[in-house]
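Peer 1: One structure follows; several queries about it will come next.
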Amino acid sequence: MQEIKVYEEKMNKTLDNLLGEYGTIRAGRANPHVLDKLKVDYYGSPTPLQQVGNISVPEPRMIVIQPWEKSLLKLIEKAILTSDLGINPTNDGSVIRLVFPELTEERRKELAKDVKKKGEGAKVAIRNIRRDANDTFKKMEKANEISEDDLDEMTEKVQKLTDKMIEKVDKAIEAKTKEIMTV
C-alpha cells in the first residue's frame, strides 16, 4: 500500500533525527560528531567546522582540529568557546586540541535523562504520524476511496509500523544510556 510508505518514511526520518542528536551527545569518549553543529565564520559565511580543517581523534579523550589555514585558528577557538560544549580549546599555533574530561556521575545521570527526554520526544512524534495516517485513512473511507476493510487493514499496518518504530527508539535510548553510564 503506497499510502503507508509515506508515513513509514516520516517515522524513519524521526528516528534518524533522534540518532543524529544522540551522536552529538558526548559520552566520556571523544566523538568528532560533537562538533557537527559548530560553524566558523569563514570569509563572511558560517561554514561547518569539518569543511575548514582536518578533525582527528588521536586518543580516546582528545580531538585535534588542524585548520587548512592558520588564520582560522582563532575563529575555530572562538566557535568552540561560544558553543555549549563546555570545553576549553588549547591552541598551540598550528592545531587546536580539545581534551574531554572524564564525566562525573552527576553529569552522566543528567545526560541519561536528556537521552530519555529526546527519546520520548521522538516517540510522541511517531505517534503523531500514526494519528495523521489514521485520520487520512478515515477521510479516504468517508470519501469512498477505500472500503471499510481496507481502512481496518491500513490502520492495523500503521499500528504495527508504529510499534516497530517505538521499539527501535527504545533500543536507541537503551544503547545510548548504557554508553553514557559506562565508566
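The values are calculated or read from the model by the stated rules, or taken from the named source; none is laboratory data. Given the structure is predicted, the values throughout are model-derived calculations rather than measurements. Cβ sites come from the backbone with ideal geometry, for glycine too, and all protein chains shown count toward neighbours. Keep in mind that these areas ignore ligands, DNA and RNA; they rest on the heavy atoms of the full protein, side chains included. Shrake-Rupley method; radii C 1.70, N 1.55, O 1.52, S 1.80 Å.
Peer 1: For region 95-116, which residues satisfy the criterion of being assigned to a loop (DSSP other than H, G, I, E, B) and modelled with pLDDT under 85?
Peer 2: In the first step, residues of region 95-116 are kept if they are assigned to a loop (DSSP other than H, G, I, E, B); the result is 95, 100-104.
Correct list: Phe100, Pro101, Glu102, Leu103, Thr104.
Peer 1: Of the conditions (1) open to solvent by 60 Å² or more (accessible area, probe 1.4 Å); (2) under 24 Å from Val169 (Cβ atoms), Glu21 satisfies every one except a single condition; which number is it?
Peer 2: Just one mismatch for Glu21, condition (1).
Peer 1: A further question follows. Could you list all residues from region 86-102 that are among the polar types (S, T, N, Q) and open to solvent by 60 Å² or more (accessible area, probe 1.4 Å)?
Peer 2: Asn88, Thr90
Peer 1: Another question about this same structure. Just name the residue that is surrounded by the most Cβ atoms within 10 Å (Cβ to Cβ) out of those in region 103-115 that are under 15 Å from Ile87 (Cβ atoms) and under 22 Å from the mean Cα position of the chain (by Cα).
Peer 2: Taking the candidates together, the pick is Leu111.
Peer 1: Among the residues of region 136-183, which ones are open to solvent by 70 Å² or more (accessible area, probe 1.4 Å) and farther than 27 Å from Val115 by Cβ?
Peer 2: If the condition is that a residue be open to solvent by 70 Å² or more (accessible area, probe 1.4 Å) and farther than 27 Å from Val115 by Cβ, then Lys138, Lys139, Lys142, Asn144, Glu145, Glu148, Asp149, Asp152, Glu153, Glu156, Lys157 are the ones that fit.
Peer 1: Then there's this: State which residue pairs qualify: first residue within 29 Å of Glu102 (Cβ to Cβ) and in a helix (DSSP H, G or I) and inside region 70-87, second residue open to solvent by 10 Å² or more (accessible area, probe 1.4 Å) and of a type in the set (A, V, I, L, M, F, W, C) in any location, beta carbons under 6 Å apart, and separation of 6 or more residues or different chains.
Peer 2: Cβ pairs passing all conditions: Ala79/Leu38.
Peer 1: Confirm whether Asn12 is modelled with pLDDT of 85 or more, open to solvent by 70 Å² or more (accessible area, probe 1.4 Å) and not charged (D, E, K, R).
Peer 2: no
Peer 1: Residues being assigned to a helix (DSSP H, G or I) and of a type in the set (Phe, Trp, Tyr): count how many of those fall in region 44-69.
Peer 2: From region 44-69, those assigned to a helix (DSSP H, G or I) are 49-51; that's our starting set.
Next, only the ones that are of a type in the set (Phe, Trp, Tyr) stay: none.
Qualifying residue count, region 44-69: 0.
Peer 1: Still on this structure, I have one more. Restricting to region 124-134, name every residue that is more than 14 Å from Thr14 (Cα to Cα) and open to solvent by 70 Å² or more (accessible area, probe 1.4 Å). Give the steps one after another, and end with the answer.
Peer 2: Within region 124-134, the first condition is being more than 14 Å from Thr14 (Cα to Cα), and the residues that meet it are 131-134.
Within region 124-134, just Arg131 meets the criteria.
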